[in-house]
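Trainee: To start, I am sharing the structure in question, which I have written as structure tokens.
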Amino acid sequence: MSRKVTIKDVAREAGVSVATVSYVVNNRTDMRISDETRKKVLQVINLLDYTPNQSAKALATNRKHMIALYLSPDVSILKNAEQLHLIHFLSQFFHKKNYDLIYLSENYTEKFDHADAIVCYDISSAYFHKIGDCNFIPLIALDCMIHDPLFFQINSDYKKIAKDASEFFHGEPYKLALLETENEERMSFLASVFSDVCYLHDFEDIKALRGENLVVIEHTLQELLSKENHLFYAPAISCEKAESLLQSIEYALQRIPIEQHNIFV
């Protein structure tokens, strides 16, 4: 039987005192606690399923069998096409797992209680935390990097892709071609793995790559670039990746503590 989570565990993970956790749990309004600290404590309580928090405990037992999906707003036509591909793939996948998928726009950054978990796809770290500050159901980062141990983040295994691409192109130079992203942490990581990365916005950018050796991970780019380029395609979304996403959601819902929240598939 696993050890019961204590108030000291919550305080340690949140980086605050035991007294602060107690004040938050008991909703003490006579103590001056910043909104940022209060939200951090509540997120840790939810993550660890600390018993005194009845709303967090209820989240683990009252399943709604619905997953909410946040996407970046105001994207290009090419990015929108990729988002639609993702929605189609995940809706089919989750339906087979007895979950429904609901799309939420930027208008729903306030508290949303109608889903078991929220999946945030390729959004900025600031936007992710804005959603997290308002919601205490499990929040998962997909194809974006948050670098916060409170949350699962699931990305393609870029280092493996780079290794496989080098073998595919027999050591010849190549570019990683990607659709634009607002996630700066992901961009920085990609720059450390690949020597040449280009971000595409429109069809003119597509034309400029004619005849190149390219690595692509997005279905939309694979469709547009495959005819006139030497292409290595490593799909960004797959059944294996979707299974890892679902497993992370289940871990979060069941409050199963694991050390590795940074998952590459």
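Trainee: Is at least one residue of region 134-146 surrounded by fewer than 17 Cβ atoms within 10 Å (Cβ to Cβ) and either modelled with pLDDT of 90 or more or assigned to a helix (DSSP H, G or I) (or both)? Explain how you work it out, then say what you get.
Mentor: From region 134-146, those surrounded by fewer than 17 Cβ atoms within 10 Å (Cβ to Cβ) are 134; that's our starting set.
With the extra rule that they be either modelled with pLDDT of 90 or more or assigned to a helix (DSSP H, G or I) (or both), the set shrinks to 134.
The answer is yes, given that some residue of region 134-146 is surrounded by fewer than 17 Cβ atoms within 10 Å (Cβ to Cβ) and either modelled with pLDDT of 90 or more or assigned to a helix (DSSP H, G or I) (or both).
Trainee: Here's another thing I want to ask about it. Collect the residues in region 173-184 that are of a type in the set (D, E, K, R) and either buried (at least 16 other Cβ atoms within 10 Å of the Cβ) or at pLDDT below 95 (or both), keeping them in residue-number order.
Mentor: Initially, region 173-184 is screened for residues of a type in the set (D, E, K, R), giving 175, 180, 182, 184.
Within region 173-184, K175, E180, E182 meet the criteria.
Trainee: In addition: Conditions: (1) part of a helix (DSSP H, G or I); (2) among the aliphatic types (A, V, I, L, M); (3) within 30 Å of Q43 (Cβ to Cβ). L221 meets all but one. Number of the miss?
Mentor: With (1) part of a helix (DSSP H, G or I); (2) among the aliphatic types (A, V, I, L, M); (3) within 30 Å of Q43 (Cβ to Cβ) applied to L221, the lone miss is (3).
Trainee: Hey, can you tell me all the residues within region 208-221 that are surrounded by 20 or more Cβ atoms within 10 Å (Cβ to Cβ) and without any contact (Cβ under 8 Å) to a residue 60 or more places away in the chain?
Mentor: The answer is L214, V215, V216.
Trainee: Looking only at region 221-245, count every residue that is in contact with a strand residue (DSSP E or B) (Cβ under 9 Å, 6 or more places away or on another chain) and within 30 Å of K4 (Cα to Cα) and tell me the total.
Mentor: Count: 2.
Trainee: Please work out if N213 is touching a strand residue (DSSP E or B) at 6+ places or on another chain (Cβ under 9 Å), at pLDDT 95 or above and more than 30 Å from E13 (Cα to Cα). Break it down stepwise before answering.
Mentor: Working: touching a strand residue (DSSP E or B) at 6+ places or on another chain (Cβ under 9 Å): yes; at pLDDT 95 or above: yes; more than 30 Å from E13 (Cα to Cα): yes.
Judged against the criteria, N213 is a match.
Trainee: Among the residues of region 192-232, which ones are under 22 Å from the mean Cα position of the chain (by Cα) and either among the charged types (D, E, K, R) or assigned by TED's automatic domain parsing to the domain that holds K79 (or both)?
Mentor: Matches in region 192-232: E218 only.
The values are calculated or read from the model by the stated rules, or taken from the named source; none is laboratory data. On a predicted model such as this, the values are computed, not experimentally measured, just so you know. Backbone-built Cβ (ideal geometry, glycine too); neighbour counts: all protein chains shown.
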